[in-house]
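One structure is given here, and the rest of the page talks about it.
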Amino acid sequence: MHRWLARRPVGLSVSNTKRVIVLSLFCLTELAPRAAAQSNAAQSGGQAPDPQSRPAVTSEKHSGLQLSGTVVDASGAVLEGASVMMRSANGTVEKLTQSDSQGFFRISGIPPGDYRLIVSNPGFQTKEVHVTIGTAGEPTPLRIALAVSIVSTTVEVQGREDSLIGIAESATQGTVGYKQLDDRPIMRSGEVLETVPGMIITQHAGGGKANQYYLRGFNLDHGTDFATFINGMPLNLPSHAHGEGYSDMNIIIPEFVQRLNYEKGPYYADIGNYGSVGSANLQYFKTLPQNFAQAEIGMYTYARGVFGVSQNLGSGNLMYGGEAYYDDGPWTHPDAYRKFSGLLTYSRGDASRGLSLTAMGYYGKWNSSDQIPVNAAPDVGFYGTLNPTDGGDSQRYSLQGEWHRQGANSATAVTAYGFYYYLDLFSDFTYYLTDPVQGDQFEQQDHRWVTGIAAAHTIYSQWFGRRVENTFGVQVRNDWIHNGLFQTQDRQRIDKIDSETGNTLPATTQEDRFTDTQFGLYWQNQAQWTEKFRSVFGLRGDLQYFDVTSLAEPANSGTASKWLPSPKLSLIFGPWAKTEFYVQGGFSFHSNDGRGTTQTITPISGENPYPNTPSVPIPALIPTKGAEVGIRTLVVPHLQSTFSLWYLHSASELQQSGDTGGTTASASPSNRYGVEWANYYTPFEHVAFDFDFAYSKALFTEIDPDDAAPDSPGGRYVPEAVGLVISAGATVQNYKNFWGSLRLRAFGPRNLTSDAIYQSSSTFLLNAEVGYHFNDKWRFMAQFFNLLDRRDSDIDYAYLSRISPGAAAEFTRVFHPVEPFQVRFTLVRTFGGK
């Protein structure tokens, strides 16, 4: 289970919108004045204290039949909605009320006697006051101050303007609220991840395929080394037919994302597989701020409709919604990408105690204009394709349950999930290189059933008088997989002939049924040793087990397993002058494709046209290790700024290749290091600026001849690693019913081969959004993409291909262009709501 779900469930409210965001954040009592002041406007709700709590006890004596008072936090800020319960000496509840917007409460009609007044509020320590009610007149009003709980704190979250000093464990950990997502032009749903500073989302094929991800010097392909979750349920798919860790963000409906929590580096004990570079957990609303219906139209036959409804159901809340989408894109052969998504959530309770059940479904189908070599563009056009029959379809249907409980001494959270997934993908990357007659198109098919459970239990205690938090977690997941790789022409499976050897390439290159089982245990300790020093230590252990039945080559059947420990440590110093410092180090890993762990015979393909070629099984888990130093500061008024220097070592670039059925490997391990600087500036009430800069370098530890230009001895550059990334924006929020934003996205150039002979150009995009509220029911907006109409690349590669049967094979740059200038219009109608 993702940390932010398992360990920190608390309520967050947004004062100017009625929208409630739930965020879990660690804060200790020593930091109460600052944290409480930040959360002054965000306190809401109340509930009876946990019967297992151990409240602080004080004594007050009063006389009279009425008792009144004010509830405040440690800084003196009033707390609205605090629960005030009066119990008689025998424990019977006599009166129950809540503090109003001024923190004031009054209890009347009290018979004389001794009572216990119990005051509680989510995110604060429960306090118990002994009172004696006599007959001499009205007592003096009480003033009851609640300290921030070690469990959590409550903060107002609308975007990146909120401080995490005293809360976050690193400079590169953060939260993006729904308000910031609303203010960004988004062309495709996966781009919500571009709110993670330094991350780039691209696409090299049809719209329905998973995005290509780049972060910290990694070409993450479709998800390897970056763990993605939705409501704590993993999106990454291990042992996938197309690519390890395949993470399809097309299932996301951006309007339902309440917040995105992210963290970078291998320093977090509750993040296991694929967490080396970082992770992101997208939290959906449980209850919408307002019901809505939305219609969009745009250039290139773009159309989209989405709606969402929340309503009371019994003692809980029901939320449901859906999306219908169609887009041809600018391609010579239209994508015709259509998708349908839906969700249904029932929830009850609050941040302290509650549960939810969520069902989600997604179906997508598309044509695909894959990347083309630069020498093919004059013939097929800049937006053309060499194989118009490429494309695919995909489905994912899930059911997920979540339960949590939080008291003064402990917190527990459990998430269980199950889903069905299907992908049938047709691609063609080398065109006529292997078979000049029938072409090189291939099919990758993956369908699986997945079940999993994640549970975490946190105990709050003291060591040597210092507050300590110990979390114990377990995560289990099992994938029952049937996938394969097939030779095709016009989406029909056929045998092919290798042009160099004349050998037959069978229609079925590889087909397997197998289970991929992941089991993880972790312990994490957080302690506030002094007022200016705290630590987070984690120890994690993971077991990966594969049981493979090869349907194409029985010799490749078998079992494999690997156990890997991963220690982690974070040291946090400060704050001094609104500035906090971080030092971190840790180990992590990513899994390899289960088929490769038992493979002893290399499948017959264009890369290996020979039968019975011996193969060496690959390891199940690839370890990584990294370190980081960082700073987070608010010393400049209205400016949130973070800076970090980081390093990451990967023991191998080794992976199973879904495109060939064989294995690919670098000749040596790799090292990556870089710098990141993220800023969010709000100089005026309605204006915000952000600027994020990231630079990284990725090098093999030795010369690598495999990914190099012809006749080159190779080099040390890791191909496809993005070096420079800049993301910046200016946003005007709700000024005289208008809002708008202008955003810059720039990255590259990058080396395409290890010897750096082939390089990509830089990509530079300027997008914008402008909107207007007609009234409290209707609003309109326009989104503008690629305002400068640049003909840059979304992605670049360099490899050997043949663009036509009679052409010569050529090693050259291959690209997929960004989409040209286009406009989309949106009309939104809101109604009702919670």
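The values are calculated or read from the model by the stated rules, or taken from the named source; none is laboratory data. Computed from a predicted model, the values in this text were never measured in an experiment. Methodologically, a virtual Cβ is constructed for each residue, glycine included, from the backbone with ideal geometry; neighbour enumeration extends over all protein chains shown. Note: accessible area is taken over every heavy atom of the protein model, side chains too, but ligands, DNA and RNA are not part of it. Shrake-Rupley method; radii C 1.70, N 1.55, O 1.52, S 1.80 Å.
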**Request:** For the chain, calculate the relative contact order in percent as a whole number, restricting contacts to Cα pairs under 8 Å that are 6 or more residues apart.
**Result:** 11
**Complete:** In whole µm²/s, the translational diffusion coefficient that Stokes-Einstein assigns to segment 313-435, given a Kirkwood hydrodynamic radius over C-alpha pairs, 37 °C and 0.692 mPa s, equals 181
**Prompt:** Quick one: Cα centre-to-centre distance for segment 605-620 and segment 691-766, in angstrom?
**Reply:** 33
**Request:** Compare the peptides 462-472, 317-327 by average per-residue count of other Cβ atoms within 10 angstrom and give them in order, highest first.
**Result:** 317-327, 462-472
**Message:** Below 15 Å, Cα to Cα, which aspartates and glutamates can LYS127 reach? Residues fewer than 8 away in the same chain don't count.
**Reply:** ASP50, GLU60, ASP73
**Fill in**
ASN312 and ASN409 label points (each 7 Å along its Cα→Cβ direction) are spaced in nm at 3.6
**Asked** Add -39500 (n - 2.57) for each DSSP H run of 4 or more in the chain, then divide by its residues: what number comes out at 222 nm, to the nearest 500 deg cm²/dmol?
**Response** -500 deg cm²/dmol
**Item:** Dimensions in Å of segment 194-247 - Rg and Dmax from alpha carbons
**Value:** 10.9, 30
**Request:** For the pairs LYS264/LYS697; LYS264/LYS568; LYS532/LYS625; LYS209/LYS365; LYS264/LYS625; LYS736/LYS777, note any where the Cα-Cα span goes beyond 19 Å.
**Result:** LYS532/LYS625
**For segment 467-514, average projected area of the Cα convex hull in nm²** = 7.5
**Request:** Hey, can you find the accessible area per residue of the chain for me, probe 1.4 Å, expressed in square angstrom?
**Result:** 36
**Complete:** Expressed in angstrom and ordered largest first, the alpha-carbon extents of the chain along the principal axes are 107, 57, 49
**Request:** Give a quick list of chymotrypsin sites (Phe, Trp or Tyr not before Pro) in segment 760-810 that DSSP marks as loop, anything other than H, G, I, E or B, with at most 13 other Cβ atoms within 10 Å.
**Result:** PHE774
**Message:** If you average the C-alpha positions of segment 509-584 and of segment 348-379 separately, how far apart do those two centres end up, in angstrom?
**Reply:** 25
**Complete:** Of every hundred units of 1.4 Å-probe accessible area on the chain, the number belonging to carbon and sulfur atoms, as a percent, is 58
**Request:** Under a cut-off of 18 Å between alpha-carbon atoms, report the lysines in cross-link reach of LYS286, not counting same-chain residues fewer than 8 places apart.
**Result:** LYS18, LYS179, LYS834
**Asked** If Lys and Arg each add +1 and Asp and Glu each add -1, what is the summed charge of the other residues whose beta carbon sits under 12 Å from the beta carbon of TYR302?
**Response** -1
**Förster radius 45 Å - calculated FRET efficiency between ALA377 and LEU827, Cβ distance, rounded to 0.05** = 0.75
**Message:** Just to be sure I understand the model, the point goes 7 Å from the Cα along the line to the Cβ. What's the resulting ASP100 to PHE464 distance in nm?
**Reply:** 5.0
